[in-house]
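**Student:** Pasting a structure below so you can have a look.
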């Protein structure tokens, strides 16, 4: 293949025939000079008053038409082709369930404005950055509830995310129940890659399913469970409603990190600790990088034969040449 000004030639070797054009012109010139006859006259006055005839003015036209036709025939023999490029993009999304703790302790304000609102903001950005994935939402405290099943309609999911608040469920921290509900929502998804992101700020103290038992179930179904512990080290300010308004008291932060880490490691995932807003954002960004959607891009190129216009134009030029030679430029017998 050879590219020339966006034209591709399938048989570029024929273009060497264009070198015959100067040879045709050269031999034509030699023939013309041999046939030329000199005429000696004594006075040019009478000749100057006579103009050139139409025959004389277009005598060069047949040769030009012949040369152009030869050039077009050679280009046609080289088989010019036009090409168009394109890509086929296929993607294989991931099924993700966000399991979020909404217990009363999530109102602590070591993250701004508080843990639950900070978690919603970062999770929403995470959802918006994964348009090809199906994502669901499970909330839990003393019990668990499916806020949104797996869906590709992320606008609906975000709206339901915004509606999350502490107090919508019985208080407590049922990590095992929340994880089990997330598993039940994702295990039958036809998508090959399944992920649960479980976020909590406490220790399991409710529910009938132990967190490690739920973690084993996730591993059995091939579900990776990323766990996030939310809350700074030491104590965190927690708001209490009193007759005199909202009062704050520093409450000790207790997160069952060993259990969360065991759950993640058993499912070939990781445990993270978010001690502030920026760290929580970094955690979701890191998970986003680790759980990349599989995208395959296949490039293709189509070729179309373009020799026909050149061949037809050459034929028209040759016919026009013949017409001139046997009409206006016809030689007298």
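The values are calculated or read from the model by the stated rules, or taken from the named source; none is laboratory data. Since we're looking at a predicted model, the values are computed, not measured. Cβ placement follows ideal geometry from the backbone for every residue including glycine, while neighbour counts extend to all protein chains displayed.
**Student:** Go through (1) over 30 Å from the mean Cα position of the chain (by Cα); (2) surrounded by 14 or more Cβ atoms within 10 Å (Cβ to Cβ); (3) part of a helix (DSSP H, G or I); (4) modelled with pLDDT of 95 or more and name the single condition residue 258 misses.
**Tutor:** That leaves (2) as the condition not met.
**Student:** Could you please let me know if residue 213 is within 18 Å of residue 116 (Cβ to Cβ) and assigned by TED's automatic domain parsing to the domain that holds residue 255?
**Tutor:** So residue 213 does not fit the description; no.
**Student:** Related question: Please indicate, with yes or no, whether at least one residue in the stretch 100-107 is more than 27 Å from residue 212 (Cβ to Cβ) and at pLDDT 95 or above.
**Tutor:** Yes, that holds for at least one residue.
**Student:** Scan the stretch 73-96 and give yes if some residue there is at pLDDT 95 or above, out of contact with any helix residue (DSSP H, G or I) (no Cβ under 6 Å at 6 or more places or on another chain) and part of a loop (DSSP other than H, G, I, E, B), otherwise no.
**Tutor:** Scanning the stretch 73-96 turns up no residue that is at pLDDT 95 or above, out of contact with any helix residue (DSSP H, G or I) (no Cβ under 6 Å at 6 or more places or on another chain) and part of a loop (DSSP other than H, G, I, E, B).
**Student:** Looking at the stretch 138-248, what strands (runs of 3 or more DSSP E) fall wholly within it and have at least 3 residues that are touching a residue at least 12 places away in the same chain (Cβ under 8 Å) and surrounded by fewer than 24 Cβ atoms within 10 Å (Cβ to Cβ)?
**Tutor:** Hits in the stretch 138-248: 144-151, 235-242.
**Student:** A further question on this structure: Among the residues of the stretch 124-137, write down those that are crowded, with 20+ Cβ neighbours inside 10 Å and more than 14 Å from residue 94 (Cα to Cα).
**Tutor:** Of everything in the stretch 124-137, just one residue is crowded, with 20+ Cβ neighbours inside 10 Å and more than 14 Å from residue 94 (Cα to Cα), namely 137.
**Student:** Quick one: would you say residue 191 is in the same structural domain as residue 150 (by TED's automatic domain parsing), at pLDDT below 95, out of contact with any helix residue (DSSP H, G or I) (no Cβ under 6 Å at 6 or more places or on another chain) and under 19 Å from residue 130 (Cα atoms)?
**Tutor:** In short, yes.
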